[in-house]
Amino acid sequence: KFGETVSIPTAAYEVEEYIHGPNIQMTPRYSVFLIDGGEGTERIHRIFEGTKIVTDNAFLLTRCADYKDEHNVMYVPMDVPEEITPLCWLPFFQMTACRLTDDLDRWNKHPLQRAMEKFVSSKSANYVNSPFSEDTPGRA
């Protein structure tokens, strides 16, 4: 959502994958969101603390009460299986992307990007001609 709406390149990594490479390119201007929700809690919290050494824009999404009053921590007391924890945080990312797009006034894309979009659509022909498409004739 961040890349699509805010127009900021983003990437998602499993936490160990992040700490073994993508973190090397990080600068103080980066924003990093870490999701905690399972057996790796202690490791993720350590990586969060380490990430804060590089950027003040490190955020932790957690269900661990030990961190609930910390700066840049979103705490939600929930008891869900580890496998679906990322799904529980999906609305947070969608709402954050929407808010950032509003705050940064990024809804209007560059005219050349719009020209490219008309030339080569990101939607399949099946979608463009579907009742869900904004381009469907007669859709209000």
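The values are calculated or read from the model by the stated rules, or taken from the named source; none is laboratory data. What you see is a predicted model, and the numbers here were worked out from it, not measured in a lab. Virtual Cβ from ideal backbone geometry, glycine too; neighbours counted across all protein chains shown.
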Within segment 5-26, residues being within 14 Å of the chain's Cα centre (by Cα), under 30 Å from Lys109 (Cβ atoms) and surrounded by fewer than 11 Cβ atoms within 10 Å (Cβ to Cβ) number 2
- Considering every residue within segment 93-102, establish whether at least one is among the small types (Gly, Ala, Ser), assigned by TED's automatic domain parsing to the domain that holds Gly40 and at pLDDT below 90. no
* To do: Please indicate, with yes or no, whether at least one residue in segment 30-52 is assigned by TED's automatic domain parsing to the domain that holds Arg99, loosely packed, with under 13 Cβ neighbours inside 10 Å and within 29 Å of Asp102 (Cβ to Cβ).
  => no
Of (1) in a loop (DSSP other than H, G, I, E, B); (2) touching a His at 6+ places or on another chain (Cβ under 8 Å), Leu60 fails just (1)
Scanning segment 80-129 residue by residue, those among the polar types (S, T, N, Q) and in a helix (DSSP H, G or I) turn out to be Thr85, Gln94, Thr96, Thr101, Gln113, Asn126
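Among the candidates Asn108, Asn126, single out the residue that is modelled with pLDDT of 85 or more and of a type outside the set (A, V, I, L, M, F, W, C).
On the way: Asn126 fails: modelled with pLDDT of 85 or more.
Exactly one of Asn108, Asn126 is modelled with pLDDT of 85 or more and of a type outside the set (A, V, I, L, M, F, W, C), namely Asn108.
For Asp66, state whether it is of a type in the set (D, E, K, R), exposed (fewer than 11 other Cβ atoms within 10 Å of the Cβ) and modelled with pLDDT under 85.
Numbers: of a type in the set (D, E, K, R): yes; exposed (fewer than 11 other Cβ atoms within 10 Å of the Cβ): no; modelled with pLDDT under 85: yes.
Judged against the criteria, Asp66 is not a match.
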